[in-house]
Amino acid sequence: MGERATSHAVTVEVNGEKVSRIVAARQLLVHFLRDTLGLTGTHIGCDTGNCGACSVIVNGKLVKSCMILAAQTDGATIETVEGLAQDGTLSPLQESFHEHHALQCGYCTPGMLMSATYLLRHNPEPTDEEIRRGIRGNICRCTGYVNIVKAIRAVSRRQATGGHAVTAAAGEEV
Amino acid sequence: MLLEQVEYVRPQSLDEALEILANDDGAAPLAGGQSLTNVLKNRVASVDVLVDISALGDLAGITRTADGGLSIGACVTYDELDRSAEVRQSHWMLGEVAAHIEDQQIRNKGTIGGNCCLSDPTNNLPPILVALDAVMELRSRSGRRSVEAADFFKGYFATALEPGELLVSITVPQMPERSGAGYASLAVGADAKAMVRAAARVTLDRDHATIVDSRVVLARVAHVPTRDAEAEARLNGADATDDAVRAACAGVADGMQPITDVHGSSEYRRQMAKVMARRAVDQAIAAARGGRNGSSAGGN
Ligand SMILES: Cc1cc2nc3c(=O)[nH]c(=O)nc-3n(C[C@H](O)[C@H](O)[C@H](O)COP(=O)(O)OP(=O)(O)OC[C@H]3O[C@@H](n4cnc5c(N)ncnc54)[C@H](O)[C@@H]3O)c2cc1C
Ligand code: FES
Ligand code: FES
């Protein structure tokens, strides 16, 4: 990628699958995912970096895909909402959103799930306050957030151990 | 949204980036892209080529300088500042300010260099950098120079950067002994854009009783982060007590003309500037006493 140009060859791994495409320099990652690869789970709400509906994980970092160019992701590993379920089985977080009625229209849900996935990877035992901060960049117009927080709490390790932080005495790593 | 036609390049070295920037008036550095992408969407600036500096080694990383300060690469992200043990150890408040910028997605991409080079008056980092006496290290094809943070911000979206120049790193000197920093914002919502901010730094005497040196920096009161030299003069030599700080901050922002907008009038902002300055100085004093360089209180 040394040469300046209006289009670039890009190879990325999306949800475990390698794909190579020629992308226009002006193409946003969200359009690459939706229009070029047909992965329409990633939504566009605002297109200004405010709503978080387009959140995906690039090289382990949660980002808003309307705020980066596809050309910037050459060589990257990308995770989208389509990669959460394995062999038709929902991830525990997806299952929990379903159980806790954490969505109504569902428009924000892909972004919420990616933010919550990122949060729990980095902080498996978040407090409610940390959960709220973790989804700060994701706007939901329907639910009022309460059930979303509940759904995330339910799959955190804190909840799984009866509301207490896991202790070494309980036989698990802290 | 479809952007205007633009070229993209990811230079392999700082020299290559500086060469492209020197040769093309329409070249723009792309750091975290958390502002520039929106600028391109809105088509308020016309860019020929985006020069992706985000992966350049010369602009990455946080290192301890020989005299105990920090050298922070321009492309260090807010998340990296927040999580840096070096930053937290010597300049706790800088990490804390970064931790409260907007949201996790923006903190994972936005850079300290971009936050300064944009010179948006609502951006969080410029006032604290001015309060910490930071120095901006600039490079161009023809050389390098250092500009104090207080002189770097020139106006709305305007800085001391010349065409073809890049901000490469920011040097934050070690804080004197018995110093602390504070930061207080009147925000429209938690972690949201602020209507008025103040950043402060104080150094106390041996007994922790008297203020011997201070910085009081106001943001969103003028177009750029502005030191209130009169308030600093009143604080220097004053007792480090609530009453003395309150008295010293009573005249903060007098004579300044903050904007009036949907969130508040000019007069309201001027009054709130006094309150934010007092809170920031109180935090700084508590931090100096606690010996943790600004760790007494959080806050956006
Ligand atoms: C929804 C939303 C809310 C936000 N809220 C806040 C907020 O509350 N507080 C806050 O502080 N920020 C906020 N931001 C802005 C964000 O912090 C940006 O990250 C920041 O303004 C620019 O940093 P960047 O690294 O993303 O730079 P870019 O967008 O890549 O660049 C910004 C500008 O600086 C230039 N530039 C970048 N790096 C350099 C360099 N090293 N040398 C020379 N020029 C350079 C670019 O050419 C461009 O003109 C928000 C952004 C969004 C999308
Ligand atoms: S569509 Fe990207 S943040 Fe709203
Ligand atoms: S469920 Fe409708 S926006 Fe969140």
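Brief remarks on what is shown
- Filtered residue count, the range A:96-140, keeping only those that are within 13 Å of ligand 2 (Cβ to nearest atom), open to solvent by 10 Å² or more (accessible area, probe 1.4 Å) and assigned to a helix (DSSP H, G or I): 1
Residues are listed down the side, and each one gets a yes or a no for (1) closer than 15 Å to B:M175 by Cβ; (2) modelled with pLDDT under 95:
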position: B:M256; (1), (2): no, yes
position: B:I259; (1), (2): no, yes
position: B:E267; (1), (2): no, no
position: B:K274; (1), (2): no, no
position: B:A277; (1), (2): no, no
position: B:D282; (1), (2): no, no
position: B:A287; (1), (2): yes, no
position: B:G290; (1), (2): yes, yes
position: B:S296; (1), (2): yes, yes
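- Lone qualifier among B:G189, B:G182 - being small (G, A, S), more than 16 Å from ligand 3 (Cβ to nearest atom) and within 14 Å of chain A (Cβ to nearest Cβ): B:G189
- Scanning the range B:1-18 for residues that are at the interface with chain A (Cβ under 7 Å from one of its Cβ atoms) and either open to solvent by less than 50 Å² (accessible area, probe 1.4 Å) or touching a strand residue (DSSP E or B) at 6+ places or on another chain (Cβ under 6 Å) (or both) yields B:L3, B:V6, B:E7, B:Y8, B:V9, B:R10.
- Among the residues of the range B:196-248, those identified as open to solvent by less than 50 Å² (accessible area, probe 1.4 Å), in contact with a Phe, Trp or Tyr (Cβ under 8 Å, 6 or more places away or on another chain) and assigned to a loop (DSSP other than H, G, I, E, B) are B:V224, B:P225.
- Pairs where the first residue, in the range B:42-54, is in contact (Cβ under 8 Å) with a residue 12 or more places away in the chain and the second is among the aromatic types (F, W, Y), C-beta under 6 Å, 6+ apart: B:L50/B:Y8
- Test: A:A24 is at the interface with another protein chain (Cβ under 9 Å from one of its Cβ atoms) and crowded, with 17+ Cβ neighbours inside 10 Å: yes
- Qualifying residues in the range B:112-143 (those that are of a type in the set (S, T, Y) and open to solvent by 10 Å² or more (accessible area, probe 1.4 Å)) - the one farthest from the chain's Cα centre (by Cα): B:S142
- Among the residues making up the range A:53-74, none is of a type in the set (G, A, S), over 19 Å from A:Y107 (Cα atoms) and within 11 Å of ligand 2 (Cβ to nearest atom).
- From the options A:L84, A:L103, residue that is away from ligand 3 (no atom under 15 Å from the Cβ) and aliphatic (A, V, I, L, M): A:L84
- Pairs where the first residue, in the range B:204-231, is not assigned by TED's automatic domain parsing to the domain that holds B:K193 and the second is among the β-branched types (V, I, T) and buried (at least 17 other Cβ atoms within 10 Å of the Cβ), C-beta under 9 Å, 6+ apart: none
- Some residue of the range A:53-75 being surrounded by fewer than 18 Cβ atoms within 10 Å (Cβ to Cβ), within 14 Å of chain B (Cβ to nearest Cβ) and over 25 Å from A:T11 (Cα atoms): no
- Annotation for the range A:98-117: no member residue is acidic (D, E) and in the same structural domain as A:L28 (by TED's automatic domain parsing).
- Residues (assigned to a loop (DSSP other than H, G, I, E, B) and either within 11 Å of another protein chain (Cβ to nearest Cβ) or surrounded by 21 or more Cβ atoms within 10 Å (Cβ to Cβ) (or both)) located in the range A:5-21: A:T6
- If the condition is being open to solvent by less than 40 Å² (accessible area, probe 1.4 Å) and either more than 14 Å from the chain's Cα centre (by Cα) or on the phi > 0 side of the Ramachandran plot (or both), then the range B:159-187 contributes B:A160, B:G164, B:E165, B:L166, B:V168, B:M175, B:S179, B:G180, B:L186, B:A187.
- Looking across the range B:145-185, the residues that are closer than 30 Å to B:D207 by Cα and touching a Leu at 6+ places or on another chain (Cβ under 6 Å) come down to B:V172, B:R178.
- Restricting the range A:33-52 to residues that are part of a helix (DSSP H, G or I) and within 12 Å of ligand 2 (Cβ to nearest atom), the residue that is farthest from the other protein chains (Cβ to nearest Cβ) is A:L33.
- The set of residues in the range B:84-136 that are touching a residue at least 40 places away in the same chain (Cβ under 8 Å), away from chain A (no Cβ under 14 Å) and of a type in the set (G, A, S) comprises B:S90, B:G113, B:S119, B:A131.
The values are calculated or read from the model by the stated rules, or taken from the named source; none is laboratory data. Not measured: the values here are computed from a predicted model. Here the Cβ is made from the backbone with ideal geometry for all residues, glycine too, and neighbour counts use every protein chain on show. Quick note on the areas: whole protein, heavy atoms, side chains included, nothing else; ligands and nucleic acids left out. Shrake-Rupley method; radii C 1.70, N 1.55, O 1.52, S 1.80 Å.
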